[in-house]
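Asks: So that we are looking at the same thing, I have put the structure below in structure tokens.
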């Protein structure tokens with residue numbers, strides 16, 4: 001399976017981290033961890049820029065994370081113009097920073113830095129796969 005199944009709009013059909021889609025299909029969110037230095041990457045990377053090494057393990061993003069920061073997007077980039085407004089966020093899952101959208105179910109006035117979030121996979125129109133951050 002190529003990467004064309006990821007996200008609302010896919011700009012790449014192939015990637016070295018195609019297993020990311022396999023995890024999403026199982027309802028899981030995953031990062032990569034360099035076997036040599038132990039650094040964890042999300043979004044997943046197949047090559048560690050620190051070592052550099054290409055030996056990585058996949059680790060699941062589980063449990064709850066803390067909202068670090070967020071912003072409301074009112075002007076979407078190419079391909080996302082019709083999605084606005086939406087909220088982008090960074091949440092810390094035990095040292096792994098996950099960047100993603102906050103579910104539209106969470107009102108902006110209820111979104112606060114430090115709140116508990118969990119990552120959930122979602123199936124979009126046309127069978128595309130993605131993930132969102134939702135209240136834990």
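Asks: Read through the list (1) at pLDDT 95 or above; (2) surrounded by fewer than 12 Cβ atoms within 10 Å (Cβ to Cβ); (3) not in a loop (DSSP other than H, G, I, E, B), then give the number of the only condition that residue 126 fails.
Replies: Only one criterion is unmet by residue 126, namely (1).
Asks: Another question, then. Of all residues in the range 90-110, which are within 11 Å of residue 134 (Cα to Cα) and in contact (Cβ under 8 Å) with a residue 24 or more places away in the chain?
Replies: Across the range 90-110, the qualifying residues are 91, 100, 101, 102, 103, 105, 106.
Asks: Please work out which one of (1) exposed (fewer than 13 other Cβ atoms within 10 Å of the Cβ); (2) over 17 Å from the mean Cα position of the chain (by Cα); (3) under 27 Å from residue 22 (Cβ atoms) is the condition residue 74 fails and give its number.
Replies: So residue 74 meets the others, but not (3).
Asks: Could you count how many residues in the range 1-57 are at pLDDT 90 or above, under 14 Å from the mean Cα position of the chain (by Cα) and over 16 Å from residue 121 (Cβ atoms)?
Replies: The total comes to 3.
The values are calculated or read from the model by the stated rules, or taken from the named source; none is laboratory data. The structure displayed is predicted, hence computed values, not measured ones. FYI the Cβ positions are ideal-geometry reconstructions off the backbone, even for glycines, and counts take in every protein chain you see.
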